[in-house]
Amino acid sequence: MIERKIQKTGGSSYVITLPKEWLTSLVETYYVQQLENETKENEDKIKGMKLGLVTQPDNTLLITPNLSGKPLERKKIIDIQEIPDTTYFYRYLISAYIAGYTKIEINSIKPISPPYRLVIRDFVQHIIGCEVVEERDEFILIKDLLKPEEMPFENIIKRMYRTAKNMHSTAIMALKDSDKTTAENIQLIDDDVDRLHWLVTRLTNMLLSDPPLAEKMGITAGAAANMFFISRIIERIADHAVRIADNIVPLQDQVIDKKIIEEIESFINSALQVFQISIEALFEKDIHKANQNIESISKPKDTSKMIMDYAFQQESFIAIPLDNIVESIRRIVEYSLDISENVINYLVRD
(Lines give C-alpha, C1' and ligand atoms only; values in the text may rest on other atoms or scores of the structure.)
Protein backbone atom coordinates (compact mmCIF):
# COMPACT_ATOMS: atom_id res chain seq x y z
CA MET A 1 0.00 0.00 0.00
CA ILE A 2 1.48 3.34 -1.08
CA GLU A 3 -0.06 6.34 0.63
CA ARG A 4 -0.48 9.69 -1.08
CA LYS A 5 -2.01 12.93 0.17
CA ILE A 6 -4.58 14.75 -1.93
CA GLN A 7 -3.43 18.27 -2.76
CA LYS A 8 -5.46 21.21 -3.98
CA THR A 9 -4.31 23.31 -6.89
CA GLY A 10 -6.01 26.41 -8.19
CA GLY A 11 -9.56 27.07 -7.20
CA SER A 12 -11.24 23.67 -7.46
CA SER A 13 -8.77 21.05 -8.73
CA TYR A 14 -7.29 18.21 -6.71
CA VAL A 15 -4.16 16.26 -7.63
CA ILE A 16 -2.36 13.19 -6.34
CA THR A 17 1.18 12.09 -7.22
CA LEU A 18 1.87 8.74 -8.88
CA PRO A 19 4.74 6.41 -7.91
CA LYS A 20 7.71 6.87 -10.25
CA GLU A 21 8.53 3.14 -10.19
CA TRP A 22 5.05 2.29 -11.44
CA LEU A 23 5.20 4.84 -14.25
CA THR A 24 8.64 3.65 -15.33
CA SER A 25 7.49 0.04 -15.39
CA LEU A 26 4.40 1.08 -17.31
CA VAL A 27 6.49 2.70 -20.01
CA GLU A 28 8.76 -0.31 -20.31
CA THR A 29 5.99 -2.90 -20.51
CA TYR A 30 3.20 -1.10 -22.33
CA TYR A 31 3.73 2.41 -23.60
CA VAL A 32 7.11 1.86 -25.21
CA GLN A 33 5.32 0.01 -28.01
CA GLN A 34 2.96 2.91 -28.69
CA LEU A 35 5.25 5.93 -28.57
CA GLU A 36 6.87 6.96 -31.85
CA ASN A 37 10.22 8.03 -30.39
CA GLU A 38 11.70 5.10 -28.49
CA THR A 39 15.08 6.76 -28.04
CA LYS A 40 13.94 9.17 -25.35
CA GLU A 41 14.53 8.53 -21.70
CA ASN A 42 11.66 7.09 -19.66
CA GLU A 43 11.12 10.43 -17.93
CA ASP A 44 10.53 12.11 -21.27
CA LYS A 45 8.12 9.40 -22.33
CA ILE A 46 6.08 9.88 -19.19
CA LYS A 47 5.41 13.52 -20.08
CA GLY A 48 2.13 13.81 -21.93
CA MET A 49 1.14 10.21 -21.23
CA LYS A 50 -2.62 9.75 -21.03
CA LEU A 51 -4.15 7.46 -18.44
CA GLY A 52 -7.73 6.36 -17.97
CA LEU A 53 -9.56 6.60 -14.64
CA VAL A 54 -12.33 4.10 -14.01
CA THR A 55 -14.52 4.12 -10.89
CA GLN A 56 -15.03 0.60 -9.57
CA PRO A 57 -18.21 -0.72 -7.86
CA ASP A 58 -16.49 -0.57 -4.46
CA ASN A 59 -15.56 3.12 -5.02
CA THR A 60 -11.91 2.34 -5.65
CA LEU A 61 -10.33 4.11 -8.61
CA LEU A 62 -8.60 2.18 -11.38
CA ILE A 63 -5.77 3.94 -13.21
CA THR A 64 -5.00 2.30 -16.53
CA PRO A 65 -3.07 3.04 -19.72
CA ASN A 66 -5.65 1.10 -21.70
CA LEU A 67 -7.81 3.95 -23.00
CA SER A 68 -9.43 1.98 -25.81
CA GLY A 69 -10.82 -0.84 -23.67
CA LYS A 70 -9.31 -3.34 -26.09
CA PRO A 71 -7.73 -6.45 -24.56
CA LEU A 72 -4.08 -5.91 -23.72
CA GLU A 73 -1.78 -8.00 -25.87
CA ARG A 74 -0.04 -10.66 -23.82
CA LYS A 75 2.49 -12.98 -25.40
CA LYS A 76 3.54 -16.39 -24.10
CA ILE A 77 6.87 -17.69 -25.41
CA ILE A 78 7.29 -21.46 -25.31
CA ASP A 79 10.66 -23.13 -25.74
CA ILE A 80 9.75 -26.52 -27.13
CA GLN A 81 12.99 -28.05 -25.80
CA GLU A 82 11.58 -27.63 -22.31
CA ILE A 83 8.45 -29.67 -23.12
CA PRO A 84 9.36 -33.39 -22.78
CA ASP A 85 6.34 -34.95 -24.52
CA THR A 86 3.38 -34.07 -26.74
CA THR A 87 0.71 -34.69 -24.09
CA TYR A 88 2.36 -32.21 -21.76
CA PHE A 89 2.74 -29.80 -24.71
CA TYR A 90 -1.01 -29.93 -25.42
CA ARG A 91 -1.84 -29.23 -21.75
CA TYR A 92 0.62 -26.34 -21.79
CA LEU A 93 -1.04 -24.79 -24.86
CA ILE A 94 -4.51 -25.12 -23.30
CA SER A 95 -3.25 -23.48 -20.10
CA ALA A 96 -1.74 -20.57 -22.06
CA TYR A 97 -5.04 -20.12 -23.90
CA ILE A 98 -7.10 -20.23 -20.68
CA ALA A 99 -4.71 -17.77 -19.01
CA GLY A 100 -5.70 -15.19 -21.63
CA TYR A 101 -2.55 -14.87 -23.73
CA THR A 102 -3.35 -13.25 -27.08
CA LYS A 103 -0.18 -14.56 -28.74
CA ILE A 104 1.56 -17.89 -28.23
CA GLU A 105 5.03 -18.05 -29.72
CA ILE A 106 6.60 -21.50 -30.07
CA ASN A 107 10.38 -21.60 -30.59
CA SER A 108 12.85 -24.40 -31.22
CA ILE A 109 16.59 -24.53 -31.88
CA LYS A 110 15.90 -27.19 -34.52
CA PRO A 111 12.94 -27.82 -36.86
CA ILE A 112 9.74 -28.52 -34.94
CA SER A 113 8.98 -32.23 -35.31
CA PRO A 114 5.77 -33.50 -36.98
CA PRO A 115 4.24 -34.87 -33.71
CA TYR A 116 4.47 -31.42 -32.11
CA ARG A 117 3.05 -29.78 -35.23
CA LEU A 118 0.11 -32.19 -35.07
CA VAL A 119 -0.48 -31.16 -31.44
CA ILE A 120 -0.56 -27.50 -32.51
CA ARG A 121 -3.02 -28.33 -35.28
CA ASP A 122 -5.22 -30.27 -32.86
CA PHE A 123 -5.05 -27.44 -30.32
CA VAL A 124 -6.13 -24.79 -32.84
CA GLN A 125 -9.04 -26.97 -33.97
CA HIS A 126 -10.26 -27.57 -30.42
CA ILE A 127 -10.26 -24.02 -29.09
CA ILE A 128 -12.25 -20.97 -30.14
CA GLY A 129 -10.69 -17.88 -31.67
CA CYS A 130 -7.03 -18.78 -32.28
CA GLU A 131 -5.22 -19.47 -35.55
CA VAL A 132 -1.66 -20.07 -36.71
CA VAL A 133 -0.68 -16.78 -38.37
CA GLU A 134 3.03 -17.43 -38.95
CA GLU A 135 5.00 -20.64 -39.38
CA ARG A 136 8.61 -21.52 -40.08
CA ASP A 137 10.76 -24.58 -39.46
CA GLU A 138 11.79 -23.47 -35.97
CA PHE A 139 8.98 -21.04 -35.19
CA ILE A 140 5.17 -21.00 -34.99
CA LEU A 141 3.00 -18.06 -33.92
CA ILE A 142 -0.58 -18.58 -32.75
CA LYS A 143 -2.73 -15.47 -32.45
CA ASP A 144 -6.12 -14.82 -30.90
CA LEU A 145 -8.44 -13.35 -33.56
CA LEU A 146 -11.59 -13.27 -31.44
CA LYS A 147 -12.95 -10.00 -30.09
CA PRO A 148 -14.20 -10.65 -26.53
CA GLU A 149 -17.19 -8.34 -26.92
CA GLU A 150 -18.43 -10.54 -29.78
CA MET A 151 -18.87 -13.49 -27.38
CA PRO A 152 -20.97 -12.31 -24.40
CA PHE A 153 -20.96 -14.63 -21.40
CA GLU A 154 -24.74 -14.99 -21.56
CA ASN A 155 -24.64 -16.34 -25.12
CA ILE A 156 -21.89 -18.83 -24.26
CA ILE A 157 -23.68 -20.16 -21.18
CA LYS A 158 -26.97 -20.53 -23.06
CA ARG A 159 -25.23 -22.45 -25.81
CA MET A 160 -23.53 -24.70 -23.27
CA TYR A 161 -26.87 -25.36 -21.59
CA ARG A 162 -28.63 -26.27 -24.83
CA THR A 163 -25.78 -28.54 -25.90
CA ALA A 164 -25.60 -30.34 -22.55
CA LYS A 165 -29.38 -30.82 -22.46
CA ASN A 166 -29.38 -32.21 -26.02
CA MET A 167 -26.59 -34.61 -25.08
CA HIS A 168 -28.77 -36.18 -22.40
CA SER A 169 -31.79 -36.33 -24.71
CA THR A 170 -29.60 -38.04 -27.31
CA ALA A 171 -28.37 -40.53 -24.72
CA ILE A 172 -31.94 -41.57 -23.92
CA MET A 173 -32.69 -42.00 -27.63
CA ALA A 174 -29.63 -44.24 -27.90
CA LEU A 175 -30.88 -46.34 -24.97
CA LYS A 176 -34.41 -46.68 -26.39
CA ASP A 177 -33.14 -47.55 -29.87
CA SER A 178 -30.17 -49.67 -28.72
CA ASP A 179 -28.07 -47.43 -30.95
CA LYS A 180 -24.39 -47.84 -30.11
CA THR A 181 -23.22 -45.36 -32.75
CA THR A 182 -25.41 -42.56 -31.39
CA ALA A 183 -24.15 -43.24 -27.87
CA GLU A 184 -20.52 -43.11 -28.97
CA ASN A 185 -21.05 -39.83 -30.85
CA ILE A 186 -22.03 -38.06 -27.62
CA GLN A 187 -18.32 -37.80 -26.77
CA LEU A 188 -17.83 -35.66 -29.88
CA ILE A 189 -20.59 -33.30 -28.74
CA ASP A 190 -18.97 -33.09 -25.31
CA ASP A 191 -15.89 -31.61 -26.98
CA ASP A 192 -18.02 -28.58 -27.95
CA VAL A 193 -19.01 -28.03 -24.31
CA ASP A 194 -15.36 -28.26 -23.26
CA ARG A 195 -14.37 -25.68 -25.88
CA LEU A 196 -17.02 -23.27 -24.63
CA HIS A 197 -16.01 -23.81 -21.01
CA TRP A 198 -12.39 -23.05 -21.90
CA LEU A 199 -13.58 -19.85 -23.59
CA VAL A 200 -15.51 -18.76 -20.48
CA THR A 201 -12.44 -19.46 -18.34
CA ARG A 202 -10.25 -17.50 -20.74
CA LEU A 203 -12.57 -14.48 -20.83
CA THR A 204 -12.85 -14.52 -17.03
CA ASN A 205 -9.07 -14.45 -16.65
CA MET A 206 -8.78 -11.66 -19.21
CA LEU A 207 -11.37 -9.55 -17.39
CA LEU A 208 -9.75 -10.06 -14.00
CA SER A 209 -6.39 -8.88 -15.35
CA ASP A 210 -7.83 -6.07 -17.52
CA PRO A 211 -10.73 -4.27 -15.76
CA PRO A 212 -11.39 -1.77 -18.62
CA LEU A 213 -12.28 -4.75 -20.80
CA ALA A 214 -14.98 -5.71 -18.30
CA GLU A 215 -16.52 -2.27 -18.64
CA LYS A 216 -16.47 -2.54 -22.43
CA MET A 217 -18.17 -5.94 -22.29
CA GLY A 218 -20.78 -4.60 -19.87
CA ILE A 219 -20.06 -7.07 -17.10
CA THR A 220 -18.42 -6.80 -13.69
CA ALA A 221 -15.55 -9.03 -12.63
CA GLY A 222 -17.84 -10.57 -9.99
CA ALA A 223 -20.51 -11.41 -12.57
CA ALA A 224 -17.86 -12.93 -14.84
CA ALA A 225 -16.58 -15.09 -11.99
CA ASN A 226 -20.16 -16.21 -11.33
CA MET A 227 -20.58 -17.17 -14.99
CA PHE A 228 -17.37 -19.17 -14.79
CA PHE A 229 -18.80 -21.10 -11.82
CA ILE A 230 -22.01 -21.85 -13.74
CA SER A 231 -19.99 -22.85 -16.80
CA ARG A 232 -18.02 -25.36 -14.74
CA ILE A 233 -21.23 -26.94 -13.43
CA ILE A 234 -22.72 -27.24 -16.94
CA GLU A 235 -19.49 -28.82 -18.16
CA ARG A 236 -19.82 -31.46 -15.45
CA ILE A 237 -23.46 -32.11 -16.34
CA ALA A 238 -22.34 -32.70 -19.93
CA ASP A 239 -19.68 -35.12 -18.66
CA HIS A 240 -22.45 -37.19 -17.07
CA ALA A 241 -24.16 -37.45 -20.46
CA VAL A 242 -20.95 -39.06 -21.72
CA ARG A 243 -20.94 -41.37 -18.69
CA ILE A 244 -24.54 -42.38 -19.36
CA ALA A 245 -23.69 -43.05 -23.01
CA ASP A 246 -20.68 -45.16 -22.00
CA ASN A 247 -22.95 -47.31 -19.83
CA ILE A 248 -25.54 -47.64 -22.59
CA VAL A 249 -23.07 -49.34 -24.92
CA PRO A 250 -22.74 -52.60 -22.88
CA LEU A 251 -26.56 -52.78 -22.63
CA GLN A 252 -27.03 -52.68 -26.38
CA ASP A 253 -27.34 -56.43 -26.90
CA GLN A 254 -29.18 -57.07 -23.64
CA VAL A 255 -32.93 -57.50 -23.21
CA ILE A 256 -34.15 -54.73 -20.89
CA ASP A 257 -37.74 -54.48 -19.69
CA LYS A 258 -39.49 -51.65 -21.56
CA LYS A 259 -40.94 -50.37 -18.30
CA ILE A 260 -37.38 -49.84 -17.03
CA ILE A 261 -36.44 -47.93 -20.17
CA GLU A 262 -39.52 -45.75 -19.69
CA GLU A 263 -38.62 -45.21 -16.03
CA ILE A 264 -35.10 -44.13 -16.95
CA GLU A 265 -36.49 -41.75 -19.58
CA SER A 266 -38.93 -40.26 -17.06
CA PHE A 267 -36.17 -39.92 -14.48
CA ILE A 268 -33.81 -38.08 -16.79
CA ASN A 269 -36.57 -35.82 -18.12
CA SER A 270 -37.36 -34.80 -14.54
CA ALA A 271 -33.70 -34.06 -13.91
CA LEU A 272 -33.46 -31.97 -17.08
CA GLN A 273 -36.53 -30.01 -15.97
CA VAL A 274 -34.72 -29.06 -12.77
CA PHE A 275 -31.70 -28.11 -14.91
CA GLN A 276 -33.86 -25.94 -17.18
CA ILE A 277 -35.53 -24.05 -14.31
CA SER A 278 -32.13 -23.34 -12.77
CA ILE A 279 -30.90 -21.76 -16.00
CA GLU A 280 -34.15 -19.81 -16.41
CA ALA A 281 -33.77 -18.42 -12.88
CA LEU A 282 -30.21 -17.42 -13.71
CA PHE A 283 -31.01 -15.36 -16.79
CA GLU A 284 -34.35 -14.04 -15.53
CA LYS A 285 -32.59 -13.06 -12.28
CA ASP A 286 -35.54 -14.63 -10.49
CA ILE A 287 -34.55 -15.47 -6.93
CA HIS A 288 -38.02 -16.86 -6.17
CA LYS A 289 -37.91 -19.29 -9.08
CA ALA A 290 -34.50 -20.49 -7.93
CA ASN A 291 -35.80 -21.05 -4.40
CA GLN A 292 -38.94 -22.83 -5.61
CA ASN A 293 -36.76 -25.10 -7.73
CA ILE A 294 -34.82 -26.12 -4.64
CA GLU A 295 -37.97 -26.54 -2.53
CA SER A 296 -39.62 -28.70 -5.20
CA ILE A 297 -37.14 -31.49 -4.54
CA SER A 298 -36.19 -30.77 -0.93
CA LYS A 299 -37.91 -34.05 -0.06
CA PRO A 300 -37.44 -36.01 -3.27
CA LYS A 301 -39.13 -39.29 -3.83
CA ASP A 302 -36.87 -42.11 -4.91
CA THR A 303 -37.91 -42.13 -8.55
CA SER A 304 -35.11 -44.56 -9.29
CA LYS A 305 -36.43 -47.28 -6.94
CA MET A 306 -38.06 -49.33 -9.71
CA ILE A 307 -34.86 -49.18 -11.77
CA MET A 308 -32.66 -50.30 -8.91
CA ASP A 309 -35.05 -53.08 -7.80
CA TYR A 310 -34.88 -54.37 -11.36
CA ALA A 311 -31.08 -53.99 -11.53
CA PHE A 312 -30.54 -56.02 -8.32
CA GLN A 313 -32.29 -58.95 -9.97
CA GLN A 314 -29.97 -58.94 -13.01
CA GLU A 315 -26.48 -60.14 -13.73
CA SER A 316 -23.65 -57.74 -12.94
CA PHE A 317 -23.07 -56.83 -16.62
CA ILE A 318 -26.59 -55.33 -16.60
CA ALA A 319 -26.88 -54.20 -12.99
CA ILE A 320 -23.66 -52.14 -12.94
CA PRO A 321 -24.41 -50.04 -16.05
CA LEU A 322 -27.96 -49.39 -14.81
CA ASP A 323 -26.64 -48.30 -11.42
CA ASN A 324 -24.14 -45.96 -13.10
CA ILE A 325 -26.86 -44.43 -15.25
CA VAL A 326 -29.08 -43.78 -12.23
CA GLU A 327 -26.19 -42.23 -10.31
CA SER A 328 -25.39 -39.88 -13.21
CA ILE A 329 -29.01 -38.73 -13.39
CA ARG A 330 -28.96 -38.02 -9.66
CA ARG A 331 -25.83 -35.94 -10.22
CA ILE A 332 -27.64 -33.85 -12.84
CA VAL A 333 -30.21 -32.92 -10.20
CA GLU A 334 -27.55 -32.12 -7.61
CA TYR A 335 -25.56 -29.94 -10.00
CA SER A 336 -28.74 -28.16 -11.10
CA LEU A 337 -29.53 -27.37 -7.46
CA ASP A 338 -26.03 -25.96 -7.13
CA ILE A 339 -26.90 -23.55 -9.94
CA SER A 340 -30.13 -22.50 -8.20
CA GLU A 341 -28.32 -21.99 -4.91
CA ASN A 342 -25.67 -19.94 -6.68
CA VAL A 343 -28.38 -17.79 -8.30
CA ILE A 344 -29.78 -16.99 -4.84
CA ASN A 345 -26.33 -16.26 -3.42
CA TYR A 346 -25.38 -13.99 -6.30
CA LEU A 347 -28.67 -12.08 -6.44
CA VAL A 348 -28.68 -11.47 -2.69
CA ARG A 349 -25.11 -10.19 -2.88
CA ASP A 350 -25.89 -8.12 -5.98
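The values are calculated or read from the model by the stated rules, or taken from the named source; none is laboratory data. The model shown is predicted, which means the values in this text are computed figures rather than measured ones. Cβ placement follows ideal geometry from the backbone for every residue including glycine, while neighbour counts extend to all protein chains displayed.
Annotations for the structure displayed:
- Listed conditions (1) under 30 Å from Glu315 (Cβ atoms); (2) free of Cβ contacts under 8 Å to residues at least 12 places away in the same chain; (3) of a type in the set (D, E, K, R) are all met by Glu295, apart from (1).
- For Pro111, the test of being over 16 Å from the mean Cα position of the chain (by Cα) and either surrounded by fewer than 16 Cβ atoms within 10 Å (Cβ to Cβ) or under 24 Å from Asp79 (Cβ atoms) (or both) is passed.
- Extreme residue, surrounded by the most Cβ atoms within 10 Å (Cβ to Cβ), among residues of segment 224-266 that are under 19 Å from the mean Cα position of the chain (by Cα) and among the polar types (S, T, N, Q): Ser231
- Close pairs from segment 314-327: first not assigned by TED's automatic domain parsing to the domain that holds Phe267, partner in a helix (DSSP H, G or I) and among the hydrophobic types (A, V, I, L, M, F, W, C), Cβ under 7 Å, at least 6 apart: none
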